[in-house]
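Trainee: Below is a structure I'd like to ask you about.
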Amino acid sequence: MRGMFGKLGSFLTTLRVWTVNIFTLIVLVYVVGVVFVILRQMPEPEDPTGKVLILAPKGQIVDQEAYADDFGFPFTLPSQDQIQTRDLVRLIRAAAADERLAGFVIDFSGAGFSGPTTALEIADELRALKDSGKPVITFAESLGTGAYMMASQGDEIWLHPSGGLTLTGLGSYRDYTRELTDKLKITIHNYSQGDYKSAVEGFTRTGMSDADREQREALFGPIWDAMKNTMATGRELEPEVLQRHADSFGLAMLGEGGYDGLQAAITDGLIDGTKTFPEFRTYMKERFGEAEDSERDTYPHISGAAYFAQLEPEAQESEDKIAVVFVEGALQNSGIAPGVAGSKDITRLIREAHEDESNKAIVLRVNSPGGSILASDTIRDELSEAQRKSIPVVVSMGDIATSGGVWVSMSADAIWAEPTTITGSIGVAVVFPTIENVMDYIGVNADGVTTSRYAGWSVNRPVDEQMDALFAKWAGSAYERFIAGVALGRDKEPEYVRSIAGGRVWIGSTAQELGLVDNMGDLEAAIADAAERAALTDFDVNYVVKQPSRAFLLLRQFTSSVLGSVEVPALDFAARMELLTREFERLSQPRATVICTFCMVEMH
């Protein structure tokens, strides 16, 4: 027996050593592969003289890249690529001023926008390419609303003959599940504060409320008008032509094989015509000649990535800085991640900003529908600490700054927004289900012993009269605190703030009239205002951001290069029911939030 166990022990020791060695080898091969792929993909310096710059961004255009703290190994799949707005703007401005370039080809069909305000900003920047006097040509397989708005700022638009142009306009539908929950004997408890606070309507109603319809119409109309005017001006058309095309062919599924829509677009002047890929190459060679430094039969061109890599880093010459901190995504009491404005990281970044004596002012860039009250308040606490040091704090609102987005902004020295910014939604959302009727129906009884009234309570139990009053007071006190904070920060009477609150969302231009924001302007305007408040004439901008680890960057580069991207399938009924189930699970822990879940304006 001793000999047998001795041999078994030797075998296990050998197995353990081999396992460790094999795992180590896999890691080394993985790392070497990552480095090899990165080195092969690094663009070599390329002379842009006489070439056409191809500007075709792929990914989501965001204020600031964000990465999760944790990632799987070794099979991490990449999320959608992120393109920082300031990088894209810098590229466009440099290209517009570069006399070496012969022209531009733009195609934004692979880019996603966080909202119409960002899209309008990029469209405005693209006009500078056209103003440079060099030809700006769009060639794409198909174009949606946002991509067409970019294309309309150029000289020519050519689409593939089997592609499509789909101007879908703005709007969205949501599922209203009240009938379903009634049939399932689920009781929905709603303590939300504000007649316009529609974040939880999907669970409490069978259709859209009049208040929600009113505020959405007040938002979508002006934003869509601004987009139509931008497109119409670029193409020298009347906005009604674009509206007619959207009403006739604005189905996203018509983006392939949309022959009738393409013919109507040509007739109405929305596009110049159609070309196949070979036809477009021939057309470009006729205009710009043949590429001498390419093995392929093509026209002289340089990619946006290769051109951007050659731009000189922005000089940092001044000792005085304006710090910019980003709040992008849903506010949560966590770390920063894609789509998540994590307060734990953001407060640390704000603290870094105000503890660095070279930062003379702070600009908080907000692009968030809101979220956790605690997360919102901890961010505002750190901003107040900066103000106690006499450091000016200026807020710049992007596409959306609602609910918690307002909460973090309300104590700022000045708030800037843009005409199409969505803001407001000063209210509190509290909704949760209880399933006591379900338990009764299926014959499950709960019993036990507790030392206090609410110990052990769960959604399996009913809400009695005293608990109902407690929840109502809880939500009401959060709402009153929100009202008082906005009134103090905006120097308004609480009753006035209450009159424009109620959970209602406002467009930026209206919010300025109401006194919720001070000025109209973009991030650069807010930075200039912060510099003026800090009495600075010479300064640099210091973007205080969370840096991803080197390991994460290596793995992200490797997976995106080797594994490629992952397509997300459309939601069928079963998938929607799964999402609904998950949402009920999330709601099973009652909590008060300041969020505007359906305030985002989507473009397709």
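The values are calculated or read from the model by the stated rules, or taken from the named source; none is laboratory data. These numbers come from a predicted model, not from an experiment. For neighbour counting, all protein chains shown are included, and Cβ atoms are generated from backbone atoms with ideal geometry for every residue, glycine included. Protein only, heavy atoms only, side chains kept; ligands, DNA and RNA dropped before computing areas. Shrake-Rupley method; radii C 1.70, N 1.55, O 1.52, S 1.80 Å.
Trainee: Give the residue that is modelled with the lowest pLDDT, with candidates limited to residues of the range 142-162 that are in a helix (DSSP H, G or I) and among the hydroxyl-bearing types (Ser, Thr, Tyr). Even if it seems obvious, please write down each step before you answer.
Mentor: Here is the first cut: in the range 142-162, the residues in a helix (DSSP H, G or I) are 145-151.
Of the ones still in play, those that are also among the hydroxyl-bearing types (Ser, Thr, Tyr) are 145, 148.
On the way: 145: 94, 148: 97.
Step by step, filter the range 142-162, then rank; the result is 145.
Trainee: Give the number of residues within the range 80-108 that are in contact (Cβ under 8 Å) with a residue 40 or more places away in the chain and not in a helix (DSSP H, G or I).
Mentor: 13
Trainee: Whether any residue in the range 229-237 is farther than 30 Å from residue 90 by Cα, free of Cβ contacts under 8 Å to residues at least 60 places away in the same chain and part of a helix (DSSP H, G or I) is what I want to check.
Mentor: No, the range 229-237 contains no residue that is farther than 30 Å from residue 90 by Cα, free of Cβ contacts under 8 Å to residues at least 60 places away in the same chain and part of a helix (DSSP H, G or I).
Trainee: Are any residues in the range 273-289 open to solvent by 20 Å² or more (accessible area, probe 1.4 Å) and either among the hydrophobic types (A, V, I, L, M, F, W, C) or part of a helix (DSSP H, G or I) (or both), and if so, which ones?
Mentor: Answer for the range 273-289, where residues must be open to solvent by 20 Å² or more (accessible area, probe 1.4 Å) and either among the hydrophobic types (A, V, I, L, M, F, W, C) or part of a helix (DSSP H, G or I) (or both): 277, 278, 279, 281, 282, 283, 285, 286, 287, 288.
Trainee: Considering only helices (runs of 4 or more DSSP H) fully contained in the range 410-529, which possess at least 2 residues that are at pLDDT 95 or above?
Mentor: 465-490, 494-500, 508-514
Trainee: State all residues of the range 124-182 that are in contact with an Asp or Glu (Cβ under 6 Å, 6 or more places away or on another chain) and of a type in the set (D, E, K, R); if no residue qualifies, say none.
Mentor: The answer is 156, and nothing else.
Every residue, every condition in (1) in contact with a Gly (Cβ under 7 Å, 6 or more places away or on another chain); (2) of a type in the set (Gly, Ala, Ser), yes or no:
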| residue | (1), (2) |
| --- | --- |
| 305 | no, yes |
| 318 | no, yes |
| 322 | no, no |
| 331 | yes, no |
| 339 | yes, yes |
| 357 | no, no |
| 360 | no, no |
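Trainee: Look through the range 345-359, keep the residues that are in contact with a helix residue (DSSP H, G or I) (Cβ under 8 Å, 6 or more places away or on another chain) and open to solvent by 20 Å² or more (accessible area, probe 1.4 Å), and return whichever of them is farthest from residue 595 (Cα to Cα).
Mentor: 351
Trainee: In addition: With the requirement that a residue be closer than 19 Å to residue 190 by Cβ, within 33 Å of the chain's Cα centre (by Cα) and among the charged types (D, E, K, R), what does the range 430-483 give you?
Mentor: 480
Trainee: When the range 513-537 is examined, which residues are found to be among the charged types (D, E, K, R) and touching an Asp or Glu at 6+ places or on another chain (Cβ under 7 Å)? Spell out the reasoning first.
Mentor: Within the range 513-537, the subset among the charged types (D, E, K, R) is 513, 518, 522, 524, 529, 532-533.
Matches in the range 513-537: 522, 533.
Trainee: Something else: State the number of residues belonging to the range 63-81 that are among the hydrophobic types (A, V, I, L, M, F, W, C) and either open to solvent by 40 Å² or more (accessible area, probe 1.4 Å) or modelled with pLDDT of 95 or more (or both).
Mentor: 4
Trainee: Another question about this same structure. Tally the residues that are over 33 Å from the mean Cα position of the chain (by Cα) and either part of a helix (DSSP H, G or I) or surrounded by 12 or more Cβ atoms within 10 Å (Cβ to Cβ) (or both), restricting the search to the range 290-303.
Mentor: Summing the residues that are over 33 Å from the mean Cα position of the chain (by Cα) and either part of a helix (DSSP H, G or I) or surrounded by 12 or more Cβ atoms within 10 Å (Cβ to Cβ) (or both) in the range 290-303 gives 5.
Trainee: Something else now. Can you name every residue in the range 243-299 that is among the hydrophobic types (A, V, I, L, M, F, W, C) and at pLDDT 90 or above?
Mentor: Result: 246, 249, 262, 264, 265, 266, 270, 271, 277, 280, 284, 288.
Trainee: Still on this model: Are any residues in the range 402-426 of a type in the set (S, T, N, Q) and surrounded by fewer than 24 Cβ atoms within 10 Å (Cβ to Cβ), and if so, which ones? Outline the logic, then answer.
Mentor: Here is the first cut: in the range 402-426, the residues of a type in the set (S, T, N, Q) are 402-403, 409, 411, 420-421, 423, 425.
Listed by number, the list holds a single entry, 411.
Trainee: Quick one: is residue 198 of a type in the set (Gly, Ala, Ser), touching a residue at least 60 places away in the same chain (Cβ under 8 Å) and either farther than 30 Å from residue 285 by Cα or open to solvent by 50 Å² or more (accessible area, probe 1.4 Å) (or both)?
Mentor: Details: of a type in the set (Gly, Ala, Ser): yes; touching a residue at least 60 places away in the same chain (Cβ under 8 Å): yes; either farther than 30 Å from residue 285 by Cα or open to solvent by 50 Å² or more (accessible area, probe 1.4 Å) (or both): yes.
Yes; evaluated as a whole, the condition is true for this residue.
Trainee: Can you name the residue in the range 228-272 that is in contact with a strand residue (DSSP E or B) (Cβ under 8 Å, 6 or more places away or on another chain) and surrounded by fewer than 14 Cβ atoms within 10 Å (Cβ to Cβ) and, of all such residues, is nearest to residue 172 (Cα to Cα)?
Mentor: Restricting to residues being in contact with a strand residue (DSSP E or B) (Cβ under 8 Å, 6 or more places away or on another chain) and surrounded by fewer than 14 Cβ atoms within 10 Å (Cβ to Cβ), the top hit is 256.
Trainee: Condition first: of a type in the set (A, V, I, L, M) and either under 17 Å from the mean Cα position of the chain (by Cα) or under 21 Å from residue 425 (Cα atoms) (or both). Now tell me which residues in the range 375-413 satisfy that.
Mentor: 375, 379, 394, 395, 397, 400, 401, 406, 408, 410, 412 - these are the residues of the range 375-413 that are of a type in the set (A, V, I, L, M) and either under 17 Å from the mean Cα position of the chain (by Cα) or under 21 Å from residue 425 (Cα atoms) (or both).
Trainee: Just for the range 246-268: of the residues that are in contact (Cβ under 8 Å) with a residue 40 or more places away in the chain and over 28 Å from the mean Cα position of the chain (by Cα), which one is nearest to residue 155 (Cα to Cα)?
Mentor: 265
Trainee: Going by what's in this entry, would residue 386 be described as touching a helix residue (DSSP H, G or I) at 6+ places or on another chain (Cβ under 7 Å), within 24 Å of residue 83 (Cβ to Cβ) and open to solvent by less than 20 Å² (accessible area, probe 1.4 Å)?
Mentor: No.
Trainee: Of all the strands (runs of 3 or more DSSP E) wholly in the range 304-393, which have at least 2 residues that are without any contact (Cβ under 8 Å) to a residue 40 or more places away in the chain? Reasoning before the result, please.
Mentor: Working: elements: 321-328, 330-332, 340-342, 359-368, 370-372.
Fully inside the range 304-393 and qualifying: 340-342.
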